[in-house]
């Protein structure tokens, strides 16, 4: 039994590493094939040849991009292990993500400064989505095909249809401009997270509402529900203690998978609200300034976070349904 668990654990770790390697490799390849000189882009057109040469040497830009390169004069050439791609992964194994092209700051330090803000926003958005979706989904599922169900379905469809770049500015206009309850941008005060969390959690709450509704309707037809009712349990206890727990398994699946969507959606949301997180760092300091070391680091951290979230989802599965643990 222990040998099987260790083998399964090793298989999961291997799969996680494979996914991280694939994601970062694809992003690196896409960055490398883009035209332009990173040294000129970072230092400007007025930089001297000596400055450009020093910049390329410091950041490893004087080395070939991959193990294999091609030129019209020499054709295909094997570069060995001394190339930017191999050196980047060697640095990762040492905990070094390189230096930013702008300001020469360590990428790992820049990410660590912004990462907690993005995780806080993602968790807050998840809480908003769950707080909306579970009561609304249960209400719709227990009132199938009547006015309450139709109303909940309408709001769910509305939430799915409206993108974050529409919801965000609308909330800013309503609560920051008209009523002046919240600040339109920033992340310095505790209340600044409210509008970004609602914006990011709105679409997810719509998806979860439909999932909870479907799960509740399905579980209400099971034999154990009729048994619980026959024992004299109240309808509230039947729904929230028995039906909802069994119906949460597909919802947990969506939550685990949607964390990656939240991290991706946080880029737009953080830009709208000026939230100083990883998404804004990636967009303003990485993509806009062509700082591909920073882009690589941000993508690496986002992919690892997404994988860890899925692993945590598996653990929650086993807690919700012991049959999964036995299988």
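Taken together, the values in this text are just the output of simple stated rules run on the coordinates, not laboratory data. Here the structure is a predicted model, which is why all the values come from computation and not from measurement. Ideal geometry is used to build each Cβ from the backbone, glycine not excepted, and the neighbour counts take in all protein chains shown.
Tabulated values for the structure
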{"item": "The range 182-292: radius of gyration over Cα atoms, expressed as a fraction of 2.2 N^0.38 Å", "result": "1.54"}
{"item": "Sequence of 236, 56, 38 once ranked by neighbouring C-beta atoms within 10 Å, starting from the fewest", "result": "236, 56, 38"}
{"item": "Contact order normalised by residue count of the range 131-231, Cα under 8 Å, 6+ apart, percent", "result": "43 percent"}
{"item": "Computed Kirkwood radius, in angstrom, where 1/r is averaged over Cα pairs of the range 1-119", "result": "17.2 Å"}
{"item": "Span from the the range 274-304 Cα centroid across to the the range 86-165 one, whole angstrom", "result": "16 Å"}
{"item": "GNM top mover of 101, 182, 67 - the chain, alpha-carbon springs below 10 Å", "result": "67"}
{"item": "Pairwise label distance in nanometres, residue 15 with residue 74, each label 7 Å out on the Cα-Cβ vector", "result": "4.2 nm"}
{"item": "Footprinting exposure proxy for 32, 104, 219 (fewest neighbouring C-beta atoms within 10 Å first)", "result": "104, 32, 219"}
{"item": "Candidates 14, 159, 137: whichever shows maximal mean-square fluctuation once the chain is modelled as a Gaussian network with Cα springs under 10 Å", "result": "14"}
{"item": "The range 62-137: proportion of alpha-carbon pairs further apart than 22 angstrom, %", "result": "55 percent"}
{"item": "In degrees, nearest ten, helix 292-320 long axis to first principal axis of the chain (Cα)", "result": "30 degrees"}
{"item": "Mean separation of Cα contacts under 8 Å (6+ apart) over length of the chain, as relative contact order %", "result": "21 percent"}
{"item": "Residue exposure sequence - 311, 214 - by fewest surrounding Cβ within 10 Å", "result": "311, 214"}
{"item": "Helix-derived mean residue ellipticity, 222 nm - over the chain, DSSP H n ≥ 4, -39500 (n - 2.57), to 500", "result": "-22000 deg cm²/dmol"}
{"item": "Between 0 and 90°, nearest 10: helix 107-142 axis offset from the chain longest Cα axis", "result": "20 degrees"}
{"item": "Degrees between helix 194-220 axis and first principal axis of the chain (Cα, 0 to 90, nearest 10)", "result": "50 degrees"}
{"item": "Given [x] 69, 41, 30; [y] 110, 72, 34; [z] 84, 62, 34, the label whose value is Cα extents along the principal axes in Å derived from this model", "result": "[z]"}
{"item": "Candidates 231, 90, 102, ranked by Gaussian network fluctuation over the chain, Cα under 10 Å, top entry", "result": "231"}
{"item": "Relative contact order %, the range 208-327, counting alpha carbon pairs below 8 Å whose residues are six or more apart", "result": "25 percent"}
